[in-house]
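So the structure is just underneath, and the comments pick up after that.
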C-alpha cells in the first residue's frame, strides 16, 4: 500500500488540528500545531472557505491520516461498512478501530499508530497465540493480543509501556501491562471513538 513519507507534522497543519501522528512529541511544545497553527506552503496562512465537497473531502482525508490508511483500503472498508447492518459511518469507524495496529496503539504498546505498524510488521505481536505481522488484521471480540516472548525485551515496547502507563485504555479493551498483553472485551461502539471525526460527511462524500 502507498504510504505518505513526507513530514507527518505537515498533515496536522493541513487539517488544522492534532492528529497525534508523532507519539509523545504531539504532547510537547515541539508539536508543529503549537508552533505554526496554519497550513503548510507559501499561502498556508490564507485559509480559504471550503465548499460542501471540500469539507467532506477533508473529513475523509483526515480520517485516513488518523488511522494511516490508503485510499484503496479506505474505500474497501467503506464498502464493507455499507454491506453491514447499522449506520454506515459508525460501522466504518468500528472497522478502523479494530485494525491490529490501532489496537496495539490503543493498548499503549506503540507510541503512535505508525510505530505500532512497524512493530507488527517486524513480528512483535501475536493474536490468540499465533504470530500476526499484518497491521490491517481485524481483531474480533475475545481475541487476545500479546507481545511475543522473544520480543518482550524490545526497547520501543518497554519505553512505551513506561511512558504510556497513565494513558487511558478504551473500555472495549482490557490491558495487562505486566504480562504485555490485552484482550478485546467487545467490539467498539461510536461512543468509544474519541477522535474528532464527523463520519456522516464521509458517507455523504461516497454517496455522491
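Annotations for the structure displayed:
- Contour excess over end-to-end distance, with Cα ends at residue 178 and residue 200 and 0.36 nm allotted per residue: 4.0 nm
- Cα gyration tensor shape for the stretch 149-204, rounded if a/c is under 1.5, else prolate or oblate: prolate
- Structural descriptor for the stretch 99-187: relative contact order 30 percent, calculated from alpha carbon pairs under 8 angstrom and at least 6 residues apart.
- Residue exposure proxy: 175, 76, 183, ordered by other Cβ atoms within 10 angstrom of their Cβ from fewest to most, comes out as 76, 183, 175.
- Gain on full extension, evaluated as 0.36 nm per residue between residue 49 and residue 166 minus their Cα-Cα distance, stands at 38.2 nm.
- Rounded, prolate or oblate (a/c below 1.5 giving rounded, otherwise prolate when a/b exceeds b/c) for the stretch 57-97 by Cα gyration tensor: prolate
- Three-way shape label, the stretch 99-187, alpha-carbon gyration tensor, a/c 1.5: rounded
- Point-to-point label distance, residue 191-residue 144, nm (Cα→Cβ direction, 7 Å offset): 2.9 nm
- For the stretch 156-206 versus the stretch 85-153, the gap between their alpha-carbon centres in whole angstrom: 10 Å
Read-outs throughout are calculated quantities, based only on the coordinates presented, and are distinct from any laboratory measurement. Because the structure is predicted, anything quoted here is derived from the model rather than measured. FYI the Cβ positions are ideal-geometry reconstructions off the backbone, even for glycines, and counts take in every protein chain you see.
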